[in-house]
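Undergrad: My questions all concern the structure below.
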Amino acid sequence: MSTYFNGPEFHGMAAGGSISHNPGMGDRMMRELAPFLKAEGVDIDDPNADFTEAEFHAAMEKAQEEYNRRLFTPVGAHRGLALGKLRSFSVALVEGDIRTAEAVVASLPSDPEDFSPSVAQVTGAAMDLLGEWFTDDVHGPKLGGVMAPKWSAKKSRAVARDILALAHKGRVVDSLDRLIASNSGRPVLEGSMLAVAAAVARLAKRNKVSEQQFVDELMPLDGYPEPVAGTYGPADRVVQDVQAVQDDSASEQDLPEWLGGSSTTGQAAGAAADPQGVDERMDEVEKTVYEMPLYRRFRDWLAETYDDVDEDSEVFDIAHLLFCIAVSTRTDIDEPEGIDDLLDVLESFGADGQEESEKTDGESPSTVIFLDSIEALDNYLRFRIDTDETPERWSAARARVEVASMRTDPLPSALMATVEANALNEEELAQPLPHNRLVAGVAGILEWIGESRQVTGTGRVKRADIAEAAGKFGINAVGVASNARYEDGVNYARSADEVPVLEAMWAVMQSAEIIEITGTKVRPAGAADQWRSGEVSADTALPVIGAFIYERLLDVVNLVPGEDFAAPAITIAQRLIEIITPDSAPERPELDIDEERAERLSTLLADELQELAELGLLKADGDTVTVEPVYRRIVAGAGLMLLAGPAE
C-alpha cells in the first residue's frame, strides 16, 4: 500500500485531530473519490501503488474539484426536479408567501433521493441559472442593481449579496467552492435561491410578464425525463433535522410587526396584530429610547449642528425612529461593530421597498423608512466621528452606510452594478494599459522634471514652463502675462491652473505619490519608477486615471452657475451610465434645474467628454460616445463619487 498512508505524517495528522473517524463515512467517501483519484494517477485500490504525500494531495485536490462539480451538477430527471424547486421558491417568495418558500428549502435532503433533488443539486442549478442570465446579452443589462430579497437568516442574505455581486462579474459558477468553504452549505443554498428569486422578480418586471410566465419561459420543466424509483439507494449521510433548521431560522433577529416587519413567533399568518399590544410595546421602546444617555447626547449634538431647526424638525424625528429600530431589534450601536447589524435590519426595509416598487408605482412606506433611517444613521456616525476619542473607528462604518444608501436609488444602483460587473481579473490587471495620452504624459513629465525642477510658490508649473509641461499630455498651451484666451486651438494661459488637463493631472500625480513638492521644487516621488517607461499595468494606472476623470467632471459641476451641487452631479452621472450601458440605463430623474443652467451644463459636459475622448479614455463618433471595457469601471466609479457629494 502507499508509503504515505503508512508514514508518520499521516498518523500524526490522525493523532492531532486533523483526521477523524466516522464509521463507514471514510470508506464510502474514498470509494466515491477513487475513480477521480485514479484519473489523476493515484490508484488507492492497488496494493502495490507507491505515491508521495505531495502527489496524493495534488491528486486529491483535483479529484475533489471534479467530485464537487458532478455533485453540484444535476442531470436528467434531477435537473428538472432542481429547477422545479427553484421555480416554486422564487414564485412563492416574490408573491410574499414566505412560509411556502421556507418549506421548499426545508424539503431538500442532503443526498439526492428518487423524487427529490439534493441541497447540492439545487445550489448548482441556481448558480448555473445566475451565470447564464447575468452574462446574457439580453437579460444581463436588465439585472443591474438587483438586491437580495429579505430573508430571516442574515447569513444567507449576506451570501445572496455576494452571489449577486459575483454574478455581475461573470464569476458566480467558478466561485462555488470558495463560497461553500467560507459559509458552509446551507447559507449558500439559501443565498443562491434568494439570488435566483431576485433575478426572477427583476426580469419579470422588465419583460412585463408575471413571475409564473417568466419561470415557464426560462425555467421550463418539459423535456426532462420522469424520475424513477430505485435510482438512488438509502442515504448514508445524516439528514439535517428540519425542525432544528426552522428553529435556527426563527432565532434570527427580525424587525417586529409593530415597526413594519413580520413576526416569526407571533400570530398565525393572516391574523391581525393586536392594536393595544402594539401601542404598549411601542410605548416601552420609546420610554427606553428617551432614557438613553447616548440618545440624549445625540440630540444635543443635532441641536448644535442644526442650529436653525426647532425640536419638531424632521431631523429629530428620524433620529428618534433610528433609535427605536435599534432598541426594538436589540442592536447595540454604541460600538462600530453594531452598525453592520443595524444596517442589515435597515436594508430589509430597502429590499421590501424595492419589491413593493416592482408591483406598484410610487414610493413605498418601506423605502421611506429606509431612506429616513439611513439619513439619521449618517448623522449619528458624524456625531460619533466628531465626539469619539478614536473617530477612525467610525469612519469605515460611515463609508458602508453611504454605499447602502445608494442601493435603492436606480441611478447609483446602476452605477454600482456597472462597477461590480466590470472588475478586471488578476491577469487583466497585470497587463499594460492600452496607450493613452495620460500615461504617456506622466512618463514625459517625469523625464522633464529629472531630479528636480523649480515650480511656483503655490506648487504649480511656472508660466514659462506651461507650453512644455502641457505638451507632454498633447495639450497646446502657452503661458502669457495677460489676455488669457482660447484661440485657434491654443490655450493662452496666465497660470497652470488655467490649463485644465495639466492642473488636474498635476494634483492627481501628487495624490498618487508620483511626484512630490517641497518648497518651490518638484521631485519624483515613491511611485515614479512604475511610470517612467510609459508602459504601466492596469492595476497601477486605472486608479490614477479614474481620479483624473473625477477631477475633470467635478470641475464641470463647479463651473455651472448656482449653489446647487446635486442637480449637475446627477445629470453628469446619468449621462455616464447612458454612455456605458445605453440599453439598461435607468430613466432620467426629474431635476429642479433652470433652462440656462441646464444649457450651460450640457455645453460644458459635451466639451469635457470630447476632451476625454481626445486623451484616449472614451471613444467619440459624432454624437455617440462609448467607453472601452477596460475603462468602464473607473468611469462608473467617477459617477458614484460625484453622487456622494462635494468633499467635506
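Undergrad: Could you calculate, for the range 434-532, the ratio of the Cα radius of gyration to the Kirkwood radius, expressed as Rg to Rh?
TA: 0.96
Undergrad: For the peptides 495-506, 474-485, what is the packing order when you average, over each peptide's residues, the other Cβ atoms within 10 Å and list the highest mean first?
TA: The densest-packed peptide leads the list: 495-506, 474-485.
Undergrad: Under a plain spin-label model, where a point goes 7 Å from the Cα along Cα-to-Cβ, how far apart in nm are N48 and D488?
TA: 9.3 nm
Undergrad: Here is the link list: K150/K208; K155/K208; K462/K619; K208/K619. Which ones come out longer than 30 Å on Cα distance?
TA: Among K150/K208; K155/K208; K462/K619; K208/K619, the Cα-Cα distance tops 30 Å for K155/K208; K462/K619; K208/K619.
Undergrad: Pull out the extension gain between D623 and S107, defined as 0.36 nm times the separation in residues minus the alpha carbon to alpha carbon distance; nm, one decimal.
TA: Result: 180.2 nm gained on full extension.
Undergrad: Quick one: what are the phi-derived ³J(HN,Hα) couplings along the range 285-297, Karplus 6.51/-1.76/1.60 with θ = phi - 60°, whole Hz, x for glycine and proline?
TA: Ordered by residue, 3J(HN,Hα) equals 5, 5, 4, 4, 4, 4, 8, 6, x, 4, 5, 5, 5 Hz.
Undergrad: Compute the separation of the alpha-carbon centres of the range 104-137 and the range 542-559 and state it in Å as a whole number.
TA: For the range 104-137 versus the range 542-559, the Cα centre distance is 44 Å.
Undergrad: What is the packing order of peptides 420-432, 317-329, taking the mean over residues of other C-beta atoms within 10 Å and listing the highest first?
TA: 317-329, 420-432
Undergrad: How many nm separate the modelled label positions at A481 and R297, each set 7 Å beyond the Cα in the direction of the Cβ?
TA: It works out to 6.1 nm between the two label points.
Undergrad: Amide H of V536 versus every other amide H placed in the peptide plane: which residues, excluding those fewer than 5 positions away on the same chain, fall under 5 Å?
TA: Answer set, sorted by chain and number: L433.
Undergrad: Computed FRET efficiency, Cβ-Cβ of Q212 and D114, R0 30 Å: what is it to the nearest 0.05?
TA: Here the calculated transfer efficiency is 0.65.
Undergrad: If you don't mind, there's one more thing I want to ask. Per 0.36 nm of contour for each residue apart, how much would the distance between D136 and E596 grow if the chain were fully extended, relative to their Cα-Cα spacing?
TA: The D136-E596 span can extend by a further 161.4 nm.
Undergrad: Would the range 480-570 count as rounded, prolate or oblate if I go by the C-alpha gyration tensor, calling it rounded below 1.5 in a/c and otherwise prolate when a/b exceeds b/c, oblate otherwise?
TA: oblate
Undergrad: Just order 145-157, 380-392 by mean Cβ neighbour count inside 10 Å, highest at the front, would you?
TA: 145-157, 380-392
Undergrad: Long-range amide H contacts for E516: which residues qualify at under 5 Å (H placed 1.01 Å from N, peptide plane, sequence gap of 5 or more or a different chain)?
TA: Excluding prolines and chain starts, which carry no amide H, the hits are R523, A525.
Undergrad: Provide the descending list of Cα extents for the range 537-648 along its principal axes, expressed in whole angstroms.
TA: For the range 537-648, the Cα extents along the three principal axes come out at 42, 35, 25 Å.
Undergrad: Still on this structure: Could you give the length gained by full extension between V368 and Q431, i.e. 0.36 nm per residue of separation minus their alpha carbon distance, to one decimal place?
TA: Result for the pair: 18.1 nm of gain on full extension.
Undergrad: Continuing with this model, one more query. Using only the alpha carbons of the range 38-167, what is the convex hull's orientation-averaged projected area in square nanometres?
TA: Convex hull of Cα atoms, orientation-averaged projection: 11.2 nm².
Undergrad: Could I ask something else about it? Looking at the square roots a ≥ b ≥ c of the eigenvalues of the Cα gyration tensor of the range 181-228, which shape do they give, rounded for a/c under 1.5, prolate if a/b is larger than b/c, or oblate?
TA: Cα axes put the range 181-228 in the oblate bin.
Undergrad: Follow-up. How big is the dipole moment of the range 77-242 about its Cα centre under a simple scheme where the beta carbon of each Lys and Arg is +1, that of each Asp and Glu is -1, and everything else is neutral? Debye, nearest 20, please.
TA: Roughly 880 debye, rounded to the nearest 20.
Undergrad: I need the phi-derived Karplus couplings for the range 432-440: 6.51 cos²θ - 1.76 cosθ + 1.60, θ = phi - 60°, integer Hz, Gly and Pro marked x.
TA: Using θ = phi - 60°, the values come out as x, 5, x, 4, 8, 5, 6, 4, 4 Hz.
Bear in mind that the values in this text are calculations on the coordinates, not laboratory data. The structure displayed is predicted, hence computed values, not measured ones. Glycine gets a Cβ as well: all are built from the backbone with ideal geometry, and neighbour counts include every protein chain shown.
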